[in-house]
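Accompanying notes for the structure given below.
The values are calculated or read from the model by the stated rules, or taken from the named source; none is laboratory data. From a predicted model like this one, the values you see are computed outputs, not experimental measurements. Note: ideal-geometry Cβ built from the backbone for every residue, glycine included; neighbour counts use all protein chains shown.
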Amino acid sequence: MDVRVNATYPDHPKTLRLARLAGPTAPWHFVRLWIWAASNRQDGNLAEMSDPEIEQAAGWSGKRGRLAKALVDVGYLEGPGAARLIHDWAEHQPYVSHAPDRVARAKRAADARWRAKNDATRNAPSNAGSNADGNAPTPTPTPEEKGESESGVLLEPGTDPGPASPSQRPQDQTGPDSDRKETGKKPEPEDDRMLRQVLENSRQQHGLGRPRSGFVKLRSDPS
């Protein structure tokens, strides 16, 4: 802790009188009292200290009571015994007198930093989850904007899905299996149909009548 000594102190009238009353070293002992107060009585209040105790704090080794009385006589100490005050302490030692306020402010600031750090640590898992959700890329255009065909294929906006391909049609609408269920007949092989058409064309070219059954019966296997 630092104390201030005014440049006018050595030649101040009070200082010169103090040296005359208590000896040439008395002004220095008063400076030593300032230094002790800066560490022990930062408000400059020497209450509950007797005059001998004040002289001891100032490092005085002269006649007991002489320094304290001289300080009161010149006005460097104020107040009655056991309730002494250093004259204009807060004015001459502002840094020291406001030290308790600085300590209290520093403590409050440290507590605020500690609470903010703990809050950030507690909130870190939830913030990580929300940031992961918020940073997920959004497809452009989105599936809702782009649209889907009946088969589930994404289409550009304004695109006509068109008829479904055979592989995308429902299997219970058309096909050989449905014909077999409706007619109860076995589907005619492709080769038999082609051969029947050739024979029909030949019959027409030669003016032959139609068979009584209306078709040429063929067998798909030689057996």
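Table for the structure above
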item	result
Odd one out for Arg4, checked against (1) at pLDDT below 95; (2) surrounded by 14 or more Cβ atoms within 10 Å (Cβ to Cβ); (3) part of a loop (DSSP other than H, G, I, E, B)	(2)
Number of the exception - Lys107 against (1) assigned to a helix (DSSP H, G or I); (2) in contact (Cβ under 8 Å) with a residue 40 or more places away in the chain; (3) under 55 Å from the mean Cα position of the chain (by Cα)	(2)
Residues located in the stretch 56-76, provided they are in contact (Cβ under 8 Å) with a residue 24 or more places away in the chain and crowded, with 19+ Cβ neighbours inside 10 Å	Ala58, Trp60, Leu67, Ala70, Leu71, Val74, Tyr76
Criterion: among the hydrophobic types (A, V, I, L, M, F, W, C), surrounded by 13 or more Cβ atoms within 10 Å (Cβ to Cβ), touching a strand residue (DSSP E or B) at 6+ places or on another chain (Cβ under 7 Å) and under 22 Å from Val96 (Cβ atoms) - qualifying residue of Leu46, Leu18	Leu46
Tally, over the stretch 10-34, of residues that are under 56 Å from the mean Cα position of the chain (by Cα) and either charged (D, E, K, R) or assigned to a loop (DSSP other than H, G, I, E, B) (or both)	1
Conditions (1) under 19 Å from Val3 (Cα atoms); (2) part of a helix (DSSP H, G or I): number failed by Leu46	(2)
